[in-house]
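Single-structure report; data block below.
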């Protein structure tokens with residue numbers, strides 16, 4: 001009787017391993033399909049931008065051309081006549097963009113390394129509209145009068161759902177803005 005009992009247990013174990021062997025490929029296929037679907041869903045939420053894009057500085061509604069810079073870690077805004085007193089930065093936008101006087105609290109100061117120097121710059125939080133995407137970002141303030149673009153969008157912005165097509169410019173302004181997303 002012991003030999004029969006052992007034989008049935010062995011066959012039972014064999015059946016279990018056959019079932020697992022048959023079901024395992026289906027489980028793997030389902031996992032692969034779900035992960036593939038999740039990756040594609042993420043790709044659909046990314047917005048393609050060109051090397052230069054029109055960006056709106058909120059709440060002032062000022063449209064600024066921005067250089068999309070994958071080599072820059074942080075966004076930089078042109079700040080003319082910049083002064084910092086009591087942790088508040090006061091500056092003007094370039095005349096071409098309304099010469100608006102802006103006062104914003106300084107979040108912190110940051111050491112910024114450029115191709116020709118190192119600076120310690122004030123960093124403020126600004127709100128931007130890039131295409132249909134509205135976002136709050138940290139930006140360092142600097143006199144960019146010698147540069148072509150008053151706004152430089154760095155990787156801090158690009159990580160928020162953008163893909164850069166450097167062969168094109170102003171992709172977003174050529175598309176209709178079908179609503180603002182947050």
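The values are calculated or read from the model by the stated rules, or taken from the named source; none is laboratory data. Computed from a prediction, not measured in an experiment: that's the story for all the values here. Methodologically, a virtual Cβ is constructed for each residue, glycine included, from the backbone with ideal geometry; neighbour enumeration extends over all protein chains shown.
Miscellaneous remarks
- Here 153, 128 are screened, and the one residue that is touching a helix residue (DSSP H, G or I) at 6+ places or on another chain (Cβ under 8 Å), surrounded by 12 or more Cβ atoms within 10 Å (Cβ to Cβ) and at negative phi is 128.
- Taken as a whole, the structure places residue 12 among residues that are modelled with pLDDT under 90, more than 31 Å from the chain's Cα centre (by Cα) and either closer than 15 Å to residue 149 by Cβ or outside any strand (DSSP E or B) (or both).
- Inside region 61-90, residues that are within 26 Å of the chain's Cα centre (by Cα), in a strand (DSSP E or B) and without any contact (Cβ under 8 Å) to a residue 60 or more places away in the chain make up a count of 3.
- Residue in region 110-123 that is within 14 Å of residue 78 (Cβ to Cβ), surrounded by 13 or more Cβ atoms within 10 Å (Cβ to Cβ), modelled with pLDDT of 90 or more and within 19 Å of the chain's Cα centre (by Cα) present: no
- Among the residues making up region 138-150, those that are within 16 Å of residue 55 (Cα to Cα) and surrounded by fewer than 22 Cβ atoms within 10 Å (Cβ to Cβ) are 138, 148, 149.
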